[in-house]
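Here's the structure, in structure tokens; my notes come after.
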Amino acid sequence: MNCLVIGGTRFIGRLLVSELLKKGHDVTVLHRRPRHDLGRRVKNIAADRNDPQAMKAALAGKNFEVVFDNVYDWERGTTAGHVEAAVRAAGNNLHRYVFMSSVAAYGDGLNHHEGDALAPDDAPELYTRNKAMSERALFRLHQRMGLPVVTLRPPYVYGPDNPFYREAFFWDRLRAGRPIILPGDGRRLMQFVYVKDLVWACLRAIEEPAAVGHAFNIANASPLSQTEAVEALARTCKKPARFVRIPREYILRAGGHPMGPKLYFGVYFDMPPITQVTAKAQRVLKFKPADFLAGLKETYRWYLRHNGFPKPDYSFEDALLANAPVMIPAKV
């Protein structure tokens, strides 16, 4: 099929392009740059997906059967209006429109099923609000004009080529023999999905007729506590995990922020928990995610060869370790 990947040059999109080519699909990527490094088989369209007029002009006369909408603009936000503009610019020959949403679309809470209400239009977090509103807009288009939409709701995505300083954050510190700061009691739940499993679900979404008009939670079935997640990362690199538990309130008052620059627990890894139930994806898509440790081992091998993050700056963590009240003595 003739496939358009909106945002195909990094992490999820990059792997998706590779897998689409392996299956013999024709692939075009749309991004803001005039060229890419994905090879001659991949066509290029340069446009800003947050500019509806630019999208309309860039896609005029094109005939895509499948669109994978993977891009979210973290600086400006990508709204439901931007997403709907992409749909309308893509034409009338769509076999599938696959939208990369997020578990964040639920807003908060544990054990969400796909039928649960999404976050309201006035949700405080911009990312949450935009993902929820975009999904609602897409499903309205499905009801009104038959848009063959599928939305995917992954939690934390990990794996080779991750542009977020997450797995590498911990491996840098574990390999340096540094203690890991746990915010609070370390019991906040986290749910993960391996990037290869998420891309597999993208491909299944265009193959499975019963997927049309549905959302799917795409994740490992069992959440982990923050402590358990770090222990798994430690096992992967065969280094001991030494924890220091510092009250979250103290960390935040000292200037710590989940997105940095004063980072203390991996980019965006210290958030109120949102977890999901994956039974629908298992049933409809036959989704069978990789074991977390197996995925981490492959990711660690990539990290050893390709870790391109800047040299860690430990000054903020050192200040916390020197001055913060410790909830529980360091654990070896």
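Data overview
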| quantity | calculated |
| --- | --- |
| Hits in region 42-91 (condition: surrounded by 15 or more Cβ atoms within 10 Å (Cβ to Cβ), in a loop (DSSP other than H, G, I, E, B) and either at positive phi or within 23 Å of the chain's Cα centre (by Cα) (or both)) | Ala47, Asp48, Arg49, Asn50, Asn70, Val71, Tyr72, Asp73, Thr78, Thr79, Gly91 |
| Single unsatisfied condition, Pro310 versus (1) under 18 Å from the mean Cα position of the chain (by Cα); (2) of a type outside the set (Lys, Arg); (3) surrounded by fewer than 20 Cβ atoms within 10 Å (Cβ to Cβ) | (1) |
| Considering residues of region 241-277 that are of a type in the set (Val, Ile, Thr) and either assigned to a helix (DSSP H, G or I) or touching a His at 6+ places or on another chain (Cβ under 6 Å) (or both) only, the residue farthest from Phe170 (Cα to Cα) | Val277 |
| Test: residue in region 278-286 that is part of a loop (DSSP other than H, G, I, E, B) and under 18 Å from the mean Cα position of the chain (by Cα) | yes |
| All strands (runs of 3 or more DSSP E) inside region 154-226 with 3 or more residues being at positive phi and basic (Lys, Arg) | none |
| Region 201-248, subset surrounded by 17 or more Cβ atoms within 10 Å (Cβ to Cβ) and of a type in the set (Ser, Thr, Tyr), residue nearest to Lys288 (Cα to Cα) | Thr236 |
| Yes/no for Arg144 being in contact with a Ser or Thr (Cβ under 8 Å, 6 or more places away or on another chain), without any contact (Cβ under 8 Å) to a residue 60 or more places away in the chain and among the charged types (D, E, K, R) | no |
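Throughout, read-outs are computed from the coordinates displayed, never taken from laboratory work. Just so it is clear, the structure is predicted and the values come from calculations on it, not from any experiment. FYI the Cβ positions are ideal-geometry reconstructions off the backbone, even for glycines, and counts take in every protein chain you see.
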